[in-house]
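I have placed the structure first, in the form of structure tokens, so that the comments after it can refer back to it.
The values are calculated or read from the model by the stated rules, or taken from the named source; none is laboratory data. Treat the numbers as computed from the prediction; the structure is a model and nothing was measured. Quick reminder, even Gly has a Cβ in these numbers, built from the backbone with ideal geometry, and neighbours come from all protein chains shown. Ligands, DNA and RNA are stripped out before the accessible areas are found, and what is left, the full protein with its side chains, is counted by its heavy atoms. Shrake-Rupley method; radii C 1.70, N 1.55, O 1.52, S 1.80 Å.
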Amino acid sequence: MRRILQGYYRLPGAGDGWIAAGLLAALRLWLAWPFFHTGMLRVERWSTQTFLFGDIHPLPGVDPWIAALLTTTAELTLPVLLAVGLAGRLAGLGLAVMSATILLVVGQTPQGLENGISQPAEQIPWILAGLVIALAGPGRLALDRVIATRLLPARVRS
């Protein structure tokens with residue numbers, strides 16, 4: 001496990017400067033908020049989730065209850081990880097994949113088209129933001145950086 005973590009924390013990052021770190025932190029928070037908010041709404045209205053995933057915006061080939069559970073879990077977990085910068089690359093990539101799935105799969109079903117589920121003006125910026133974070137890393141203002149400085153010796157980090 002230690003080798004996996006060391007490999008993860010050795011990945012190059014663009015967020016080494018303070019300006020880039022601040023921009024990446026703002027981007028992380030901007031991307032995390034709508035997903036977390038949606039996840040909270042799902043929890044508050046849990047009784048309607050299987051109906052939504054069965055009739056309004058089904059995921060082709062996925063049981064509605066499983067889709068609701070997986071989506072809600074991801075919408076509550078990934079934004080928190082992203083906001084604090086823990087496993088930031090994976091969280092950013094996860095939210096980019098969720099946005100791409102909404103845009104390219106859910107939004108293209110007959111129900112998705114009828115209900116306007118897929119909004120390219122909303123989904124494409126989220127996809128791009130998630131990919132930027134996945135490629136650049138969460139930046140200096142992230143728990144990933146704190147862990148890397150404690151886990152890896154200085155000669156390996158630089």
Might you let me know whether the range 19-30 holds any residue that is under 29 Å from Glu114 (Cα atoms) and open to solvent by less than 50 Å² (accessible area, probe 1.4 Å)? no
Starting from residues that are among the β-branched types (Val, Ile, Thr) and at pLDDT below 95, keep the ones in the range 74-128 and report whichever is nearest to Gly7 (Cα to Cα). Thr101
For the structure I just gave you, tell me whether Asp63 is touching a residue at least 12 places away in the same chain (Cβ under 8 Å), more than 17 Å from Gln123 (Cβ to Cβ) and among the acidic types (Asp, Glu). no
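Kindly state which helices (runs of 4 or more DSSP H) lie completely within the range 69-158 and contain at least 1 residues that are crowded, with 21+ Cβ neighbours inside 10 Å.
Qualifying helices (runs of 4 or more DSSP H): 88-104, 120-136, 143-151.
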Can you confirm whether Gly39 is in a helix (DSSP H, G or I), closer than 28 Å to Ile133 by Cα and touching a helix residue (DSSP H, G or I) at 6+ places or on another chain (Cβ under 6 Å)? yes
